[in-house]
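Any read-out appearing in this document is the output of simple, stated calculations on the displayed coordinates, not a laboratory observation. Everything numeric in this text was worked out from a predicted model, so none of it was measured. Glycine also receives a Cβ, built like all others from the backbone with ideal geometry; neighbour counts cover every protein chain displayed.
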Amino acid sequence: MDQRSPSEAMVIDDPVYGKIYLPQDVAAIVATPHFERLKKIKQLGFLYLDDVKEHTHNRYYHCIGTYHAAGLMLDALEKNTSWLSDNNNTIPPLFRQAVQIAGLVHDIGHGPFSHSWEAVADHYEHEKVGLPCVDEIFACIDEKLFPELRANNNYGICLIKALITGKMKKLHKLGFKLSSKFMFIFGIICNKRNKLDVDKWDYLKRDKFYLKHLCNPTMDFDDIFLKAKVSDCGEYIEYRYNDFGKIHSLFAARWNNHRYCYQLPRNLMRDKILKLIVDEIKPKINGHLLKDIDAKNSMTAFLELTDENILSLVEQHPLSIFLKYDAKFEEVKESSWQVENWLFQTTIDIPSVTSYIQYDSFDFYGDAECPLVAVGCLLTSI
């Protein structure tokens with residue numbers, strides 16, 4: 001339940017972190033229709049484990065969780081980084097606020113059923129689609145909120161959009177620069193360098209909570225982020241050598257979730273079925289074809305692009321019954337396949353843990369002798 005105090009701040013009862021306090025300015029973003037829409041976007045798309053239980057956690061709470069996780073990591077970086085003493089042991093408020101808001105809105109552009117929509121709408125990139133939403137949000141909330149982000153020709157807002165994409169060149173294209181001393185902030189929300197970020201931290205914690213029967217109950221990666229510090233040059237985040245094995249375990253957990261959860265054959269088949277239906281009947285919202293809708297060409301239609309609305313638009317198609325959680329799928333032997341009954345096929349491609357982790361893209365601090373056992377673990381495929 002979300003609770004508002006008289007001051008219009010919010011207290012979020014989150015199943016993963018407990019109570020998360022959102023100050024008035026952040027609560028104003030959460031109250032916009034752009035953010036409220038995320039309540040209607042399932043985190044795991046069409047996932048129905050065992051065709052029995054429907055997992056319904058949504059992007060709304062994941063985004064709030066990522067905001068909270070970003071704050072925890074920023075606190076840890078301030079505590080663990082000695083050179084920040086020159087700045088009263090704090091990261092400048094502008095950068096701190098930009099990072100946390102980027103975490104809050106990083107998935108604002110997701111289509112219906114999250115990543116499933118990227119299999120339906122050609123060339124749909126939720127990070128890119130979300131950027132116009134960021135501009136709209138700051139345009140519709142009180143202009144007195146977030147003065148630091150709006151200063152210097154909206155530098156902070158532009159920084160938020162660059163942090164969402166994880167690309168510093170996005171900031172440069174907008175005519176802005178970032179001091180090398182604070183380039184490390186690009187390693188917090190969407191880490192293109194080594195893929196270790198608080199987005200992943202939150203969704204693995206969140207999926208562990210909802211998929212208890214799937215995930216290892218001892219899975220705990222908190223120390224990776226809470227013991228990290230900023231490099232002396234300020235360009236990178238450094239992790240403890242002691243946590244080397246935990247980093248491998250994090251990516252192994254991600255692989256495990258893809259193999260036994262996210263990319264279950266019946267889950268991927270539902271994505272294919274939805275694409276087939278949408279391609280055939282070409283449904284529209286406000287005159288726009290579903291596959292063409294994004295936040296840039298029609299914000300009004302985009303705000304209606306939700307799980308429930310999509311299912312309503314395709315429910316007359318005979319194949320739509322397979323999109324329901326109680327639909328049954330049967331595995332057939334290859335020898336019994338009949339070509340005339342094929343609708344489509346799909347390939348499950350999950351890169352190995354070792355191919356996903358590039359050792360030279362990580363920076364470490366501490367006792368280099370500690371990770372010898374973990375190195376062997378890291379270089380072993382799962």
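A few remarks follow.
- Relative to the current alpha-carbon distance between Ser231 and Lys328, full extension at 0.36 nm per residue lengthens the span by 29.7 nm.
- Alpha carbon convex hull of the range 106-226, projected area averaged over orientations, nm²: 10.0 nm²
- Fluctuation leader among Tyr124, Tyr21, Tyr262 - the chain, Gaussian network, Cα springs under 10 angstrom: Tyr21
- Helix 147-165 axis, angle to the chain major axis (alpha carbon atoms, nearest 10°): 50 degrees
- For the chain, the longest principal axis of the Cα atoms and the long axis of helix 59-80 meet at an angle of about 20 degrees.
- Cα centroid of the range 261-316 to Cα centroid of the range 89-167, whole Å: 23 Å
- Prolate/oblate/rounded call for the chain, Cα gyration tensor, a/c under 1.5 rounded: oblate
- Exposure proxy shown here: for Lys177, Lys272, the number of other Cβ atoms within 10 Å sets the order, fewest to most, as Lys177, Lys272.
- On Cα atoms only, tilt of 265-281 relative to the major axis of the chain in degrees: 70 degrees
- Note on Tyr260 and Asn80: the model spin-label points, each 7 Å out from Cα along the C-beta direction, lie 2.8 nm apart.
- Length gained on full extension, Ala31 to Lys128, computed as 0.36 nm times the residue gap minus the Cα-Cα distance: 32.7 nm.
- Footprinting exposure proxy ranking of Ile273, Ile20, Ile310, Ile189, fewest other C-beta atoms within 10 angstrom first, gives Ile20, Ile273, Ile310, Ile189.
- Counting beta carbons within 10 Å around each of Glu238, Glu315, Glu330 and listing the fewest first gives the order Glu330, Glu315, Glu238.
- Rg of the Cα atoms in the range 157-287, relative to 2.2 N^0.38 Å, amounts to 1.37.
- Segment Lys282-Val11, extension gain: residue separation times 0.36 nm, minus the distance between their alpha carbons: 93.4 nm
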